[in-house]
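Read through the structure below, which is laid out as structure tokens, and then see the notes.
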Amino acid sequence: MPEWLLKDENYQPLPDRDTFIDKSILSLLRILSRIRAQSGYTGGKHSVHAVYKVACTFLLIVLLSVSRNIWFLAAVGAYLLAALSLMSADRIIRVIKAGLIISFFSFLILLPAFLMGNRYSPVMIPLKTLATVTAVGILSHTTGWHAVTGALKSFFIPDIFIFVLDITIKYIVMLGELSLDLFYSLKLRSVGKNVEKYSSLSGIAGTMFLKSKEMAEDMYSAMECRGFTGSYRVRRRFRFTPADFLYIVVHILLITIFVYLG
Amino acid sequence: MIELNDVSYSYEGIPALKRVSLRIEKGESVALMGVNGSGKSTLLKLLNGIIFPDTGEYLFGGESITQKKMQDAVFSKHFHQRVGFVFQNSDTQLFCSDVYDEIAFGPRQMGMEETEVEKRVEDCLALLSIQNFRHRQPYHLSGGEKKKVAIACVLALNPEVLVFDEPLNGLDPRTRRWFVSFLIQLHKAGKTLISSTHDLEMVQEIATRAVLFDEKHTVAADKPAQELLEDIDLLKKVNLIDEFYHKHPGAGHQHFHIHPF
Amino acid sequence: MHIPDNYLSPSTCAALGAAVAPVWALSVKKVKKEITKAKMPLLGIGASFSFLMMMFNVPLPGGTTGHAVGGTLLAILLGPFSACISVSVALLIQALFFGDGGILSFGANCFNMAFVLPFVGYFVYKFIKDRVRTEKGEFIGIAVGSYIGINAAALCAAIEFGIQPLLFKDAAGHALYSPYPLSVSIPAMLIPHLLVAGVVEAVFTVAIFAFIKKVSPGTIYEGAKEKSKAIYGLLAALILMTPLGLLATGTAWGEWGADEIQEVVSNGQALGFIPQGMQNGFSFEAMMPDYSVGGIPEIAGYILSAVAGVALLLILFKIISSLKKANHSVHE
């Protein structure tokens with residue numbers, strides 16, 4: 001045992017500006033907990049089929065984008081609030097929070113235009129943004145990941161693409177956990193002033209890249225062992241429920257309002 | 001040195017630790033035991049200041065460790081220097097492009113002269129007998145070698161407390177033996193050791209005290225290691241062992257194991 | 001640089017979506033050829049790597065942090081075609097599940113970040129690397145490539161924003177989508193990218209590449225020599241086709257009067273928050289004085305300035321590489 005190891009270190013650290021570690025940890029944690037929550041979403045008894053949800057949400061976003069009528073926006077807003085009200089409180093908060101932050105940001109961006117005398121887009125864009133982000137938020141907070149990718153299948157998106165999407169989400173979790181631990185380890189060992197922050201950060205990203213290549217090769221071998229030949233089939237089941245019917249009626253109504261208001 | 005008072009922690013509503021109280025004195029070697037998911041890893045993260053108790057308090061050297069306090073960079077850096085953590089997966093602990101830089105990472109941050117840094121790195125390399133890897137890339141080392149590098153880079157900080165998460169996982173029998181004797185050496189050198197493990201044989205050899213977690217995430221027992229290991233009924237009760245597990249009485253060396261039927 | 005919904009008109013989104021579609025098709029074809037069909041997992045895992053890269057906070061001087069996109073890095077590591085698919089998938093997940101970037105503007109975001117960024121970055125890198133055949137040349141190529149790549153993407157986003165008030169307004173002349181003209185959107189997007197984001201991207205890309213090259217040199221993508229030519233052609237085609245696509249969506253391109261543009265521009269100046277010098281330095285009007293007054297159709301003006309921009313870049317590289325060569329021969 002070397003001598004220095006036998007006595008306690010007499011060390012007083014200097015401060016360092018390394019908030020990038022904490023911020024990266026936070027954004028990784030946010031992503032991971034979001035995806036974990038997402039995979040837990042299984043539609044209840046009265047849930048609408050993901051195919052309709054994806055299609056109608058897309059339609060709604062197009063209508064919102066095209067519409068110049070504030071009353072149509074109000075109608076959509078009313079519908080979205082109604083849909084939100086059916087969700088659990090914590091999800092409602094998450095959806096609304098995301099929408100408010102983004103639309104506030106877009107209001108700030110457009111403020112100069114407003115002061116310049118443009119009274120249309122600085123009002124409409126933040127409102128439309130709020131509606132759009134809320135609509136997407138409702139979709140993603142009520143529908144499991146696999147249900148969404150499965151729904152994409154119904155819109156003639158190639159299987160292979162859906163396969164890639166599914167793998168992606170799975171590996172975001174695996175690689176995300178790996179890089180999270182690397183950041184923790186960097187944090188625990190950052191006991192003083194790091195003069196080579198970029199090299200630590202690139203070490204983490206580089207390790208993650210090498211690991212991801214390794215994982216891809218392993219996964220390929222494993223799939224080959226199980227008889228994978230490059231084609232991938234997504235199975236889906238279809239059943240038209242009263243909830244689906246109601247959902248579609250509401251959207252037809254919204255289209256009617258859109259047409260009526262011009 | 002370490003004091004947990006009535007600490008609870010949960011991950012998004014799922015409890016991981018429930019009302020855990022624990023005291024660890026300087027120079028002790030404590031083994032944390034329990035089945036997978038009983039909260040051992042969570043406790044280690046908490047001890048290292050990665051997460052903070054939902055309720056209850058964690059005192060280190062008499063000072064309470066809270067999220068707010070750890071936002072003070074100087075305080076948290078000092079704390080992290082005093083407590084070293086060896087991760088279960090060494091892959092997640094190594095991010096430099098060569099072994100020397102990896103071990104020198106800590107000492108360099110502490111503002112040491114490069115000659116002093118070199119002495120520390122060389123001492124650590126010798127201590128773990130990995131002098132040959134000095135200029136290898138950590139990424140390409142084998143599992144056991146990576147573990148040694150990970151320990152070396154934590155030791156280079158000269159922490160007072162060393163925390164090991166499943167230190168023997170994935171190591172071959174010879175490397176395991178080496179590790180057990182290395183941990184004993186560290187303990188004799190006056191370091192406080194905290195290790196989580198499933199390995200009962202290791203508990204017997206390296207730990208003076210063992211803390212057993214049950215599946216309800218609470219502390220089921222906290223007593224001298226030898227005493228806990230002999231309480232077969234309790235170990236069965238927390239599902240750590242099954243009925244095939246037993247002890248051979250005999251002269252000299254005693255150990256626990258499972259017969260292959 | 002993630003464009004949210006409602007800033008671009010649906011027709012702009014459709015046009016840009018139509019512009020990336022052939023790139024996607026080509027990428028899938030190329031990737032299948034390069035890595036064999038059964039190796040598809042690599043794409044998904046590349047996409048997750050790309051997604052996570054965008055989560056990393058990069059330290060900036062003064063203790064603040066910024067984000068890197070990593071598009072050029074992926075193009076260098078996996079090849080530009082794989083990078084295109086990987087970044088697209090990452091962007092889709094961000095749009096669908098994290099509210100980062102819009103659903104309709106997904107095509108536009110892919111155009112900027114999954115196509116322009118990695119391809120321009122890779123092309124510049126390759127161009128420099130093939131001419132300066134030293135390790136230094138390779139690193140310079142990566143730095144310059146990733147810097148130009150991200151700025152090219154920002155420029156595209158700025159142009160997409162900037163043409164909105166020209167194309168889409170109501171009877172009263174109010175912009176329906178993003179209200180800022182090119183004279184505002186280009187400096188607003190480019191100044192932060194030229195000064196900060198581009199530097200972050202370049203430093204981060206070089207550092208990661210250096211790490212991987214040191215640890216595992218075998219994992220880096222080896223592009224074929226002739227590939228840069230194909231990319232060159234593709235780039236040129238897209239520069240030409242994008243405004244054509246916008247035109248084809250049946251908007252009022254032909255109806256712009258000179259006074260109308262004048263009005264927008266003077267509105268832009270009335271904003272008062274752009275320093276005069278910057279505006280002259282960056283605005284299209286300054287680069288192409290005849291753009292609005294000389295009677296050239298605006299579409300031609302747009303293509304011309306795009307061509308001028310590309311030409312300018314080429315000239316820049318040529319000068320850089322010739323300087324390098326001269327240096328080299330002196331040493332020899």
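The values are calculated or read from the model by the stated rules, or taken from the named source; none is laboratory data. These numbers come from a predicted model, not from an experiment. Neighbour counts run over all protein chains shown; Cβ positions are idealised from the backbone, glycine included. Quick note on the areas: whole protein, heavy atoms, side chains included, nothing else; ligands and nucleic acids left out. Shrake-Rupley method; radii C 1.70, N 1.55, O 1.52, S 1.80 Å.
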Selection of chymotrypsin sites (Phe, Trp or Tyr not before Pro), region A:43-128, meeting DSSP coil and at most 10 other Cβ within 10 Å | none
DSSP-assigned coil residues among GluC sites (Glu not before Pro) in region B:60-168, each with at most 12 further Cβ atoms within 10 Å | B:Glu113
On the full set of protein chains, 1.4 Å probe, figure out the accessible area of A:Arg36 and give it in Å² to the nearest 10.
-> 120 Å²
Going from most exposed to least, what order do A:Met174, C:Met113 have by accessible area with a 1.4 Å probe?
-> A:Met174, C:Met113
Which Cα, out of C:Gly141, C:Leu155, C:Met113, lies furthest along the positive dipole direction of region C:71-192 (beta carbon charges, K/R +1, D/E -1)?
-> C:Gly141
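Of A:Lys213/B:Lys77; A:Lys193/B:Lys216; B:Lys26/B:Lys148; A:Lys211/C:Lys129; B:Lys119/B:Lys188; B:Lys45/B:Lys223, which sit over 32 Å apart, Cα to Cα?
From the list (A:Lys213/B:Lys77; A:Lys193/B:Lys216; B:Lys26/B:Lys148; A:Lys211/C:Lys129; B:Lys119/B:Lys188; B:Lys45/B:Lys223), the Cα-Cα distance tops 32 Å for A:Lys213/B:Lys77; A:Lys193/B:Lys216.
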Estimated dipole of region A:136-205 in Debye, rounded to 20 [Cβ of Lys and Arg +1, of Asp and Glu -1, Cα centre] | 300 debye
Take each complete run of DSSP H in chain A, measure how far its Cα atoms stretch along the helix's own axis, and keep only those covering 20 Å or more with mean Kyte-Doolittle hydropathy at least -0.5; list them.
-> A:19-39, A:50-66, A:70-85, A:89-115, A:121-142, A:159-189, A:197-225, A:242-261
Find, among the trypsin sites (Lys or Arg not before Pro) in region A:68-100, those assigned to loop by DSSP (not H, G, I, E, B) with at most 16 other beta-carbon atoms within 10 angstrom.
-> A:Arg68
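Take A:Phe155, B:Phe95, B:Phe52 and sort them by solvent-accessible surface of the protein heavy atoms, 1.4 Å probe, largest at the top.
Putting A:Phe155, B:Phe95, B:Phe52 in descending order of accessible area: A:Phe155, B:Phe52, B:Phe95.
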Shielding by partners - mean other protein chain Cβ count within 10 Å, residues of A:116-127 | 5
Averaged per residue, what accessible area in Å² does chain A show with a 1.4 Å probe, protein chains only?
-> 50 Å²
Area accessible to solvent at B:Asp222, 1.4 Å probe radius, in Å² = 70 Å²
Using a 1.4 angstrom probe on heavy atoms only, work out the carbon and sulfur share of the accessible area of chain B in %.
-> 50 percent
Describe numerically, in nm with one decimal, the distance between label points set 7 Å from Cα along Cα→Cβ at C:Ala172 and at B:Glu12.
-> 4.6 nm
